[in-house]
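Everything below concerns the one structure shown next.
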Amino acid sequence: MTQTISPPDSPTAPVPGGPEVPEVTQVRVAGLRVRLVPMPWARSVGGCLAVACGSRDDAPGTAATAHLAEHVRAIAGTGRARQTVPVFAQTDIARTLFRATAAPRAAADLAVRLVEVLGDATVDERLLESERMAVELETARMDSGPLLRAGGLFAAAACDEPGMDAVARTRRADIPAVTHREVADLVAWGYRPGRAVLSVAGPPEALATVAETVERHLHRVAEGTGPDAAEPHRVLTAAPRMCLPALDGLVAVTLTRPRRDEGPWARALLSDLGPVVAAGVRAGVPLVGRTTVENENQAVDVLCWKPAPHGRAVLTAQLRAACAAAEVGRDVLARVARETRQERAYAGFTPMAQALRAALADSAAPATATATAAGPLRLSVWQVAGGVPVAVG
């Protein structure tokens, strides 16, 4: 069952008193977009570098190349900044994020540390080999727990944007086969100033010299890496469908939507108090997990149940009915709106959250990249049979 839906106008008025959104200043430094977020009340500095290079950019047959690139670039650089500012990195489908926090007096070191992730866009072969085992260990979790791959499995079935299962399809056995040349080629293409956004949030006095510091440390980057020279996004092709027999019998509901617009209605629909989860409760089957898989343009929210064989028909019937009605009570909408406001208010007072928000305000990819239309909201009910998702109804 797949149903295209339009969110109704919310019957509840917006909850007033949300957090004040600081004004973001953007400058271009050698093609790199630098966004500064002043927060006069902050007592720390948060920084985020968003690079438009993710797991979907792995060439066919080279799964985990982007993940290896993340590990190598996260420990790149030399000098004081590398020693004093730790970096947390994460490879997603369409981008890789590098985050760091520091005291206000170390704002310049934080900026230098994140800019060094771009550096000269090279790959040290010794660093690559030292990090290969770490990537294998991180990936081994999915090998031993196939349910961790369910999000990508259902997202790829529900959404036509290539790469929705790029993270989920990586296996530990793939990693030793990735060569230094493959990682180096991906870094040389993806880790350039024109494909990245650097955001720094904190006290205004701490941000005063960030742009100048970034410009001073980008002089090592080879000429021709600015936005005019940045080539279009690599041609993305849909990989063969994953087959996970270990997930046979799993039932899921997916909501396909634009990545940048979850909206209160969609959030309420799939919330723990919403009608979809309630349908599972009526069928006597508890929710076993939920996740959101985000690509460049689209996102897929996934909810999963594992019914006993004799209860599968009852569960799918209840889920289909709930998705067909797609009705959310006023009290649930009001509660979800209030929780959303509280979450955003809390995040709004942390420099790291403001830096992340600013970095992801739009794609880090160049304007020449080919976009995929996000399309309308789509609700679907699935069950896994023979290792692949099959639409129910």
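May I ask you to list the residues in segment 192-205 that are more than 23 Å from Ala89 (Cβ to Cβ) and either more than 28 Å from the chain's Cα centre (by Cα) or buried (at least 21 other Cβ atoms within 10 Å of the Cβ) (or both)? Give the derivation first.
So in segment 192-205, the residues more than 23 Å from Ala89 (Cβ to Cβ) come out as 203-205.
Matches in segment 192-205: Pro204, Glu205.
So, in segment 293-315, how many residues would count as being under 29 Å from the mean Cα position of the chain (by Cα) and either under 14 Å from Val381 (Cβ atoms) or without any contact (Cβ under 8 Å) to a residue 12 or more places away in the chain (or both)?
Total meeting the criteria: 6.
Give me the pairs, please: first residue somewhere in segment 247-265 and in contact (Cβ under 8 Å) with a residue 60 or more places away in the chain, second residue anywhere and part of a loop (DSSP other than H, G, I, E, B) and among the aromatic types (Phe, Trp, Tyr), beta-carbon distance under 6 Å, and either six or more positions apart or on two chains.
From residues that are in contact (Cβ under 8 Å) with a residue 60 or more places away in the chain, there are no pairs.
Looking at this structure, is Val112 β-branched (Val, Ile, Thr), part of a helix (DSSP H, G or I) and over 23 Å from the mean Cα position of the chain (by Cα)?
Numbers: β-branched (Val, Ile, Thr): yes; part of a helix (DSSP H, G or I): yes; over 23 Å from the mean Cα position of the chain (by Cα): yes.
Yes; evaluated as a whole, the condition is true for this residue.
Take the residues in segment 24-60 that are surrounded by 24 or more Cβ atoms within 10 Å (Cβ to Cβ) and in a loop (DSSP other than H, G, I, E, B); name whichever of them is nearest to the chain's Cα centre (by Cα).
Of everything passing the filter in segment 24-60, Gly54 is nearest to the chain's Cα centre (by Cα).
Which residue is least open to solvent (accessible area, probe 1.4 Å), if the candidates are limited to segment 340-358 and must be over 13 Å from Val45 (Cα atoms) and at pLDDT 90 or above?
Ala358
Just checking, does segment 126-138 include any residue being at pLDDT below 95, surrounded by fewer than 20 Cβ atoms within 10 Å (Cβ to Cβ) and among the polar types (S, T, N, Q)?
Within segment 126-138, one or more residues are at pLDDT below 95, surrounded by fewer than 20 Cβ atoms within 10 Å (Cβ to Cβ) and among the polar types (S, T, N, Q).
Taking into account only those residues within segment 264-292 that are β-branched (Val, Ile, Thr) and over 21 Å from the mean Cα position of the chain (by Cα), which is most open to solvent (accessible area, probe 1.4 Å)?
Result: Val281.
Residues Met164, Met142: which one is surrounded by fewer than 21 Cβ atoms within 10 Å (Cβ to Cβ) and either touching a residue at least 24 places away in the same chain (Cβ under 8 Å) or touching a helix residue (DSSP H, G or I) at 6+ places or on another chain (Cβ under 8 Å) (or both)?
Met142
The values are calculated or read from the model by the stated rules, or taken from the named source; none is laboratory data. Remember, it's a predicted structure, so these values are computed and weren't measured experimentally. Here Cβ is always computed from backbone atoms with ideal geometry, including for glycine, and neighbour counts include all displayed protein chains. We work out accessible area using only protein heavy atoms, side chains counted, and drop any ligands, DNA or RNA first. Shrake-Rupley method; radii C 1.70, N 1.55, O 1.52, S 1.80 Å.
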